[in-house]
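Input: a single structure, listed below in structure tokens.
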Amino acid sequence: MSKQSDWAHEGAHHGRLRLEFGLFFVAVPVLIAVFFPPNWMFPSLFTFTAIGIILLHYTPGFAWAELRYNWRNWTWRELALFTVAMAAFCSAVVMAMRPDVAFRMLIYRPEFLAVIWLAYPIASALPQELLFRSLFFRRYQAILPNGKAAYLLNASLFSLAHLMYWSWIVAVMTFGGGLLFTWAYRQRGSFVYAVLLHAIAGNIIFAAGLGIYFYSGNVQRPF
């Protein structure tokens, strides 16, 4: 096969990847946020997640075993510092924005909070990391920008995926989280560490009372 044919084939392949990427990470989240009623959001997201996992499974060169790579590439001190910083940040935000709900679940419904703490890492943090770290960087690496631009793109699209909540607080927090979780996945080379940080962050958010911003029953579209 000639070099021109190789280039044409590669160009077509990249074109298909860009289309798939745009549909999956841009079009679908926007459609869910704009057109789907709030009580359809989670079934839609579960479907979205299932499709993403299938795409990841059939990504050339990907093996599920690689999710274990560098699984312990972190320290307890680093994890403790992150937990304390995240708790302080969430406490400050909830006291500034919604002091009426601050730590309400922690104080009045600790048993329900315990259920969330057990379920969130598996039901939410893990699948989100599969889609926005593993799928994002493994399947679409060939069409991503280089260096820090890839981090910014990932964090922006991770924030966009939460558009359905129509909250600037959610948008800012998920953008920051996207940068952090991408750092854990890319710089530390650890999918497990990304999931761990995501799980801790999410559980602190709910303990602080900021879970009200991530509850579909509170969604108010601006139109």
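The values are calculated or read from the model by the stated rules, or taken from the named source; none is laboratory data. Being a predicted model, the structure only gives us computed values, none of them experimental. We place every Cβ from the backbone using ideal geometry, glycine too, and count neighbours over all the protein chains shown. What goes into the accessible areas is simple: the full protein's heavy atoms, side chains included, and nothing from ligands, DNA or RNA. Shrake-Rupley method; radii C 1.70, N 1.55, O 1.52, S 1.80 Å.
Numbers for the structure displayed
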item: Test: residue in region 214-221 that is of a type in the set (Gly, Ala, Ser), modelled with pLDDT under 95 and open to solvent by 30 Å² or more (accessible area, probe 1.4 Å); result: yes
item: Complete set of residues in region 54-72 that are open to solvent by 60 Å² or more (accessible area, probe 1.4 Å) and either in a helix (DSSP H, G or I) or touching a Gly at 6+ places or on another chain (Cβ under 8 Å) (or both); result: Ile54, His57, Trp64, Arg68, Tyr69, Asn70
item: Residue within region 84-106 that is part of a helix (DSSP H, G or I), among the hydroxyl-bearing types (Ser, Thr, Tyr) and open to solvent by 70 Å² or more (accessible area, probe 1.4 Å) present; result: no
item: Long-range neighbours under 6 Å by Cβ, at least six apart or interchain, first residue closer than 17 Å to Leu152 by Cα and polar (S, T, N, Q) within region 179-204, second open to solvent by less than 30 Å² (accessible area, probe 1.4 Å) and assigned to a helix (DSSP H, G or I); result: Thr182/Asn154
item: Among the candidates Ile169, Ile122, Ile143, residue that is among the β-branched types (Val, Ile, Thr), closer than 21 Å to Ile53 by Cα and out of contact with any Leu (no Cβ under 7 Å at 6 or more places or on another chain); result: Ile122
item: Filtered residues of region 148-176 (kept if open to solvent by less than 50 Å² (accessible area, probe 1.4 Å) and assigned to a loop (DSSP other than H, G, I, E, B)); result: Ala161, His162, Ser167
item: Per-region count, region 129-184, residues basic (Lys, Arg) and in contact with a Pro (Cβ under 8 Å, 6 or more places away or on another chain); result: 0
